[in-house]
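This report refers to the structure that appears directly beneath it.
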């Protein structure tokens, strides 16, 4: 762990690990209380998290088993907003928080019809939510989550949405790339399997220089096998999201054909 001072604010470097299910989707991170004291923060304070991008979240005390490990637990959406993956390092500091007077949101990648009732609903869901311009937030609607991008805040920097905040929703979408629909937190009861698959797939994708330095060939493929419904496809989607890889789901019946050469042609068309 490295503790430094920047612009009269203390900051610390922590390693990112996945959030536990109870903390997913709540703009919450888990940090050792001793580390929070080092940066002048307390549980319940908003912290600024800097990876390849900046975001903000509410700091909660770490779980007892995490004490002394210099880690920060973040869910998939917060990791995306910070531009990091599991195992990366982030800089954490106590945020200089201001109340938001205006927050402008736009749907990500698709259009949506907006009325005053929906604006009030979105505002209610985001009360006391810390945001930074460029963040993605998920609004639950009819058993699904609609992603919105924070395209402008007044003032700038880390702001917290309150009852006095003017929420502006745009109907025209913005291109925001891939939203992490499936993350490691969505997969239950597969901790050991996830760890093995991450070593086989995530490590070569993120750190190919390690294999080159050692003079060994990284795995060219991994076979996941098991009965239907155990989570093979879900795990593959989570890995693709966490590594920013492109994912194509191909089901056998989609490519099989009784005619010679037609299955091969369908594969070439994918």
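Laid out as a table, the results:
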item: Residue ranges of helices (runs of 4 or more DSSP H) in segment 184-264 with at least 3 members within 24 Å of residue 81 (Cβ to Cβ) and not assigned by TED's automatic domain parsing to the domain that holds residue 78; result: 203-206, 232-242
item: Filter result for residue 216 (free of Cβ contacts under 8 Å to residues at least 40 places away in the same chain and surrounded by 12 or more Cβ atoms within 10 Å (Cβ to Cβ)); result: no
item: Residue, surrounded by the most Cβ atoms within 10 Å (Cβ to Cβ), within segment 116-144, restricted to residues that are in contact with a helix residue (DSSP H, G or I) (Cβ under 8 Å, 6 or more places away or on another chain) and assigned to a loop (DSSP other than H, G, I, E, B); result: 135
item: Matching option when the condition is more than 25 Å from residue 167 (Cβ to Cβ), touching a helix residue (DSSP H, G or I) at 6+ places or on another chain (Cβ under 8 Å) and not assigned by TED's automatic domain parsing to the domain that holds residue 199, among 84, 29, 12, 33; result: 12
item: Check on residue 112, in a strand (DSSP E or B), surrounded by fewer than 20 Cβ atoms within 10 Å (Cβ to Cβ) and at pLDDT below 90; result: no
item: Condition check for residue 89: assigned by TED's automatic domain parsing to the domain that holds residue 33 and modelled with pLDDT of 90 or more; result: yes
item: Single unsatisfied condition, residue 68 versus (1) within 22 Å of the chain's Cα centre (by Cα); (2) touching a residue at least 24 places away in the same chain (Cβ under 8 Å); (3) assigned to a loop (DSSP other than H, G, I, E, B); result: (1)
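The values are calculated or read from the model by the stated rules, or taken from the named source; none is laboratory data. Predicted model, so just to flag it, every value in this text is computed and none were measured. Cβ: placed from backbone, ideal geometry, glycine included. Neighbour counts: every protein chain shown.
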